[in-house]
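Q: If you scroll down you'll find the structure; I have some questions about it.
The values are calculated or read from the model by the stated rules, or taken from the named source; none is laboratory data. As the structure is a computational prediction, the values presented were derived from the model and not from experiment. Here the Cβ positions follow ideal geometry from the backbone for every residue, glycine too, while neighbour counts run over all protein chains shown.
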Amino acid sequence: MEQLLGQFSLGLFIMQTVLFVGLILLLKKFAWKPILDAVNEREEGIKNALLSAENAKKEMQNLKSDNEKLLADARAERDAMIKEAREIKEKMINDAKSEAQATGEKMIEQAKAAITSEKNAAMAELKNQVSSLSLEIAEKVLRDELSNKDSQTKLVEKMLGDAKLN
């Protein structure tokens, strides 16, 4: 260090100081301001990017909750539609059963009525045949009875006797 002080030159020192101050002033005017502006711009850009990322994150959360809500609403609507479809199916089945039962009962009633009318027609036909047969038999019996003179007299007396009793 002594050697350094021994070689010290005041003119050189002043010249170096002036050059150093000039260099600092030049750097301040032309370099420091643009460098600081660039650093500030970069810092501002980073802040804006962070804010944008935070806003995007919040928006994504909002969209996610909205999507979940829409999904829940869609599920509820689907469940309601399925329930309604089941109710319609049950109603259609019950209506079809009721209609089939009513149709069956109507057919049974018609069959009963047809059977009754056929039975009555058969009974009337049977009565007609029985009465025809009875008349034929009575006619044959009367012919046999009336062919004999003694039988005719007995029959007339018998009828007269019966008529007086009534």
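Q: For residue 122, which of the numbered conditions (1) modelled with pLDDT under 75; (2) surrounded by 10 or more Cβ atoms within 10 Å (Cβ to Cβ) fails to hold?
A: Condition not satisfied by residue 122: (1).
Q: In addition: Assigned to a helix (DSSP H, G or I) and either exposed (fewer than 10 other Cβ atoms within 10 Å of the Cβ) or touching a Pro at 6+ places or on another chain (Cβ under 8 Å) (or both) - does that describe any residue in segment 93-101?
A: No, that holds for no residue.
Q: Give all pairs with beta carbons closer than 9 Å in which a residue from segment 25-43 that is free of Cβ contacts under 8 Å to residues at least 60 places away in the same chain and at negative phi meets a residue that is among the aromatic types (Phe, Trp, Tyr) and surrounded by 10 or more Cβ atoms within 10 Å (Cβ to Cβ); count only pairs at least 6 apart in sequence or on separate chains.
A: none
Q: Same structure, new question: What number of residues within segment 127-160 satisfy the criterion of being in contact with a helix residue (DSSP H, G or I) (Cβ under 6 Å, 6 or more places away or on another chain) and either in contact (Cβ under 8 Å) with a residue 40 or more places away in the chain or charged (D, E, K, R) (or both)?
A: Number satisfying all stated conditions: 1.
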